[in-house]
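Worksheet for the structure shown next.
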Number of protein chains: 2
Amino acid sequence: MSLVAADERLAACLPAGVLRPPEDRYLDEPRGRYRGQAGLVAAPRSVDEVAAIVRACAAARVAIVPRGGGTGLVGGSVMPAGPAPLVLSLERMAAVRAVWPEEDVLVAEAGCTLAAAQDAAQQAGRMFPLSIASQGTAQIGGVLAANAGGTAVLRWGNARALCLGIEAVLPDGSILRELRRLRKDNTGYSLRDLLIGGEGTLGIITAASLRMAPLPAGIATAMLAVPGPAEALALLALAQGRFAGCVTTFELISGVGLDFLAETLPAIRQPLPGAPWSVLLELSLPEGLGPDEALTGLLEQAMGTGLVTDGAVAQSGAQAGEFWSLREHLPEANRRIGVVSSHDISLPLSEIPRFIEDAGAMLAGMGDMRVNCFGHLGDGNLHYNVFPAAGRRREDYDALRPRVQEAVHQMVVDRGGSFSAEHGVGRLKAADLARWGDPARLAAMRAIKAALDPSGIMNPGAVLA
Amino acid sequence: MSLVAADERLAACLPAGVLRPPEDRYLDEPRGRYRGQAGLVAAPRSVDEVAAIVRACAAARVAIVPRGGGTGLVGGSVMPAGPAPLVLSLERMAAVRAVWPEEDVLVAEAGCTLAAAQDAAQQAGRMFPLSIASQGTAQIGGVLAANAGGTAVLRWGNARALCLGIEAVLPDGSILRELRRLRKDNTGYSLRDLLIGGEGTLGIITAASLRMAPLPAGIATAMLAVPGPAEALALLALAQGRFAGCVTTFELISGVGLDFLAETLPAIRQPLPGAPWSVLLELSLPEGLGPDEALTGLLEQAMGTGLVTDGAVAQSGAQAGEFWSLREHLPEANRRIGVVSSHDISLPLSEIPRFIEDAGAMLAGMGDMRVNCFGHLGDGNLHYNVFPAAGRRREDYDALRPRVQEAVHQMVVDRGGSFSAEHGVGRLKAADLARWGDPARLAAMRAIKAALDPSGIMNPGAVLA
């Protein structure tokens with residue numbers, strides 16, 4: 001019953017013309033932690049070809065690794081061990097099949113990049129409100145398989161919330177034809193929500209119908225200095241109350257992050273240099289309420305109550321772009337500094353201030369390190385990243401790294417948080433899931449996996465180790 | 001392997017004090033189509049007691065029918081045939097366990113009524129933005145099991161979108177402890193989203209962490225006459241664009257509905273009597289934009305382009321309440337007229353105008369009937385209800401009823417719609433699901449059901465016939 005390596009006999013059973021040379025781009029991942037094996041690579045052109053490939057692999061007992069843009073950060077799309085799999089790339093299914101502006105819906109194939117889906121929405125006078133750093137390369141199929149998040153989740157939800165329907169091939173080669181464009185459909189179990197976030201272990205999403213959103217009449221963007229995370233959260237509650245829940249972005253930036261930017265990317269303009277904590281705030285505004293008017297009222301109230309100590313309000317789209325550029329360059333600055341250990345965590349909002357304090361104290365007790373804690377505070381999602389002390393190198397921390405990682409994750413779990421907020425489990429965190437996942441859910445997950453993929457051909461080793 | 005009737009031996013194995021007399025209220029449903037059997041009724045006080053009951057039933061091979069407020073419209077909580085089940089009522093688990101205003105989260109037990117959850121949010125200066133007609137009786141567990149919708153889905157989503165985490169007992173008696181308060185958590189399959197909408201066939205939800213929303217700074221409410229459904233949809237797109245997607249409610253009301261109100265409930269004031277089609281519109285407004293200012297701009301534009309022909313803008317909360325009262329009395333007027341066949345359908349938004357036209361023509365060809373088509377147009381969800389011609393009785397249509405139902409559902413399915421938008425499948429539509437459901441999804445649903453509930457004890461006969 002065990003799986004075998006993809007080979008020439010399998011190749012002969014595949015639809016004509018789907019095979020690709022096993023180039024590096026099918027086998028690597030952004031952080032270089034894993035490298036896939038050079039088995040077969042197939043790039044089907046239609047859902048029927050995907051189904052034929054899955055059936056052939058099921059018959060031959062060959063593992064399938066679905067591959068989107070390859071931008072995932074947890075090794076979900078590379079299989080470094082076991083019999084060589086067939087890598088199934090969706091790159092040739094990249095069409096935007098249709099756009100219905102009057103429905104705020106578009107249907108895109110799995111291989112369509114997120115940026116291309118955004119463009120299609122923009123051309124229809126709408127937006128596709130999911131935004132992540134890798135959007136030029138990340139593909140819709142992968143975005144859904146990983147249930148991607150990003151900077152607009154606060155207002156529009158994650159990938160799951162933006163998906164109305166999917167077309168997918170299940171592990172038995174059957175085709176799920178549910179490209180529905182419905183806001184409401186209560187006809188049984190939501191298989192869609194199972195495949196979304198399933199990281200390719202329960203089937204291959206080949207296309208999706210996606211919700212678009214209206215372009216707002218106006219946008220207000222500001223960078224605001226706050227005394228600390230607790231005041232940042234109070235500011236968020238204040239802003240949500242004032243703007244009927246229309247805060248689109250609420251990103252926390254730490255002083256350490258600003259230092260890293262100044263050190264590694266000095267060309268990036270800093271509107272509030274030296275602020276120990278700041279927030280990038282964006283509001284979607286209705287017709288009749290201008291950005292200045294909206295922010296003036298908010299800032300008066302926030303400064304009057306000590307939630308904000310300083311602020312810069314974007315006076316133009318270009319200036320808003322500068323603020324965003326600062327936020328978007330934080331990961332690159334981190335890369336240049338060289339991380340000891342990075343953590344994509346989430347916590348109940350009210351736990352965050354104490355967590356930041358306690359985790360900082362804990363790490364200070366473990367060694368001499370710097371913490372750059374930033375990210376999607378509005379979603380309770382922090383990128384809590386640990387760096388070498390000034391003047392030291394990341395290699396100096398090789399022995400400490402696993403202890404740091406475990407201690408941070410343990411503290412997160414103890415406080416009701418998640419050790420993978422938006423990046424997924426993949427192979428990197430499969431052991432973490434086995435350790436910290438709710439036992440009843442893990443057992444149910446295994447039962448579902450066995451029921452839908454009894455031979456275990458779909459992305460083995462990901463999610464469920 | 002088949003199930004047996006609940007009996008005294010099972011009763012002896014249950015936790016002390018959980019049994020209740022099998023009163024009518026545990027066995028009926030609002031439309032009187034089904035009547036449950038008088039087996040055992042158990043009302044546990046804790047998740048551990050729920051688990052003990054499930055384990056006892058699994059061992060004895062007795063079916064369990066989970067019971068919330070009993071307001072479901074598809075017979076999901078009554079089991080009229082087969083060996084008498086144990087009815088498991090959540091009524092004694094009715095607490096709001098905690099409220100975190102600063103997180104916009106509350107945790108409620110399954111037996112808490114929707115109205116009580118709304119009250120708890122209100123007391124915390126927030127709202128729980130799910131609103132359905134039966135909210136005084138419907139319980140959170142049932143609301144989630146049915147993935148209830150209602151009048152605020154357009155802005156805040158359905159029950160699924162408002163649930164961050166659940167505590168549940170799975171069919172093997174294991175307890176899923178995932179009362180998470182996280183906006184982002186990508187750690188494996190979303191079992192929560194499977195139980196939500198699972199109608200009690202995959203487990204029993206015992207508590208949930210729910211998203212609250214900020215109270216808006218202002219609310220604008222208007223009743224607007226429109227030439228027809230196409231113009232209503234264009235008005236919706238216009239309003240969403242003007243208000244950054246903050247249209248909270250967009251309900252379609254037909255002239256037939258107004259006639260029925262005038263005939264059966266003449267005390268209900270009609271602001272736009274005789275309008276062939278009208279819309280109840282509600283906007284959530286930010287600080288700095290008043291209701292009059294917001295609506296004046298919208299109405300100028302909408303009347304200038306012929307989308308709106310007449311309108312009444314609420315000048316007070318009391319007047320808004322009158323508009324809502326009209327909308328909320330439509331079902332009662334329908335009941336007094338006496339329906340031939342009612343349909344809870346959804347369609348892609350752009351299909352709706354033609355569907356209303358074509359379905360009307362089709363029914364006119366089948367017999368002399370009146371159609372009251374109303375509901376959550378913003379969600380593509382219509383309550384498409386068919387009535388006797390004036391002067392005739394519903395009994396006159398007994399022979400026609402099944403043909404009407406089938407013809408309407410077939411037309412909905414042919415156009416990419418759903419035959420159950422928000423009410424669920426239950427027992428009433430299990431045959432419809434078997435007939436019209438996607439074959440691959442049905443097979444996967446059956447595999448999941450068999451994997452999680454191999455003995456078939458959880459609400460047998462619901463969803464999957």
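Things worth noting here:
- Number of Lys pairs (Cα under 23 Å; 8 or more positions apart or on different chains) in the protein assembly as shown: 8
- FRET efficiency for B:Ala399 and B:Ser325, using Cβ-Cβ distance with R0 set to 35 Å, rounded to 0.05: 0.45
- Across the identical copies, the label point of B:Gly306 (7 Å from Cα in the Cβ direction) is separated from its matches by 6.1 nm, in order from shortest.
- For the pair A and B, total buried accessible area rounded to nearest 100 Å², probe 1.4 Å: 6800 Å²
- Cα gyration tensor, region A:415-465 - rounded (a/c under 1.5), prolate or oblate: oblate
- Averaged over peptide B:447-455, the number of partner chain Cβ atoms lying within 10 Å of each residue's Cβ comes to 4.
- Chain B: Rg to Rh, with Rh as the Kirkwood radius over Cα pairs: 0.98
- Efficiency of FRET between B:Ala115 and B:Arg335 - r from beta-carbon atoms, R0 25 angstrom, step 0.05: 0.70
- Backbone HN-Hα couplings from phi across region B:161-175 [Karplus 6.51/-1.76/1.60, Hz, Gly and Pro as x]: 5, 9, 10, 9, x, 9, 10, 8, 10, 7, x, 8, x, 6, 9
- The apolar share of the surface of region B:1-153, taken as the fraction of accessible area on carbon and sulfur atoms (1.4 Å probe, ligands and nucleic acids excluded), comes to 53 percent.
- With the alpha-carbon atoms of region B:338-422 aligned to their principal axes, the span from lowest to highest coordinate is 34, 20, 19 Å, starting with the largest.
- Report note on the peptides A:137-149, B:106-118, B:314-326: ranked by the mean count of other C-beta atoms within 10 Å, highest first, their order is A:137-149, B:106-118, B:314-326.
- Environment charge of B:Ala465, counting only residues whose C-beta is closer than 12 Å and scoring Lys/Arg +1, Asp/Glu -1: +4
- Going from the isolated chain to the complete set of protein chains, region A:170-191 loses at least 30 Å² of heavy-atom accessible area (1.4 Å probe) at A:Glu178, A:Arg180, A:Arg181, A:Leu182, A:Arg183, A:Lys184, A:Asn186, A:Thr187, A:Gly188, A:Tyr189, A:Ser190, A:Leu191.
- Acute angle (nearest 10 degrees) that the helix B:352-366 long axis makes with the longest principal axis of chain B, alpha-carbon atoms: 80 degrees
- Number of partner chain Cβ atoms within 10 Å, mean per residue of B:236-242: 5
- Carbon-plus-sulfur accessible fraction, region A:338-421 (probe radius 1.4 Å, protein heavy atoms only): 48%.
- For the residues of B:104-116, the average number of beta carbons from a partner chain within 10 Å of their own beta carbon is 1.
- Under the simplified labelling scheme, the A:Arg97-A:Arg177 pair shows an inter-label distance of 1.0 nm, with each label point 7 Å from Cα along Cα→Cβ.
- Between copies, A:Pro273 shows label-point distances of 7.3 nm, shortest first, with the point placed 7 angstrom from Cα along Cα to C-beta.
- Total formal charge among the other residues, if their Cβ is under 12 angstrom from that of A:Leu307, Lys/Arg +1 and Asp/Glu -1: -3
- Members of region B:283-312 that become less accessible by 50 Å² or more once partner protein chains are added (1.4 angstrom probe, chain alone as reference): B:Pro286, B:Glu287
- Scoring A:384-395, B:93-104 by mean Cβ neighbours within 10 Å over their residues and listing the highest first yields B:93-104, A:384-395.
- Mean residue ellipticity at 222 nm, helices only, chain A: -10000 deg cm²/dmol; runs of at least 4 DSSP H residues each add -39,500 (n - 2.57), and the sum is divided by the number of residues.
- Comparing each chain alone with all protein chains together (probe 1.4 Å, DNA, RNA and ligands left out), the residues of region B:209-224 losing at least 30 Å² of accessible area are B:Pro214.
- Neighbour net charge for B:Gly375 - beta-carbon separation under 14 angstrom, K R +1, D E -1: -2
- Helix axis angle, A:317-337 relative to chain A longest principal axis, alpha carbon, degrees: 70 degrees
- Fraction of accessible area attributable to carbon and sulfur, region B:239-297 (%, probe 1.4 Å): 56 percent
- Principal-axis tilt of helix B:114-123 within chain B, Cα atoms, nearest 10 degrees: 70 degrees
- Take A:Glu328, push a point 7 Å out from Cα through the beta-carbon direction, and compare it with the same point in every other copy: 4.7 nm, smallest first.
- Accessible area per residue in Å² at 1.4 Å probe, computed on chain A: 34 Å²
- Cα shape, region A:60-209, gyration tensor, a/c 1.5 rule: prolate
- Cα-derived Rg over Rh, computed across the protein assembly as shown with Rh taken as Kirkwood radius: 0.96
- In the complete set of protein chains, residue-level accessible area for B:Glu8 is approximately 140 Å², probe 1.4 angstrom.
The values are calculated or read from the model by the stated rules, or taken from the named source; none is laboratory data. Source: prediction; values computed, not measured. Virtual Cβ from ideal backbone geometry, glycine too; neighbours counted across all protein chains shown. Accessible surface is based on the protein model in full, side chains and every heavy atom, while ligands, DNA and RNA are left aside. Shrake-Rupley method; radii C 1.70, N 1.55, O 1.52, S 1.80 Å.
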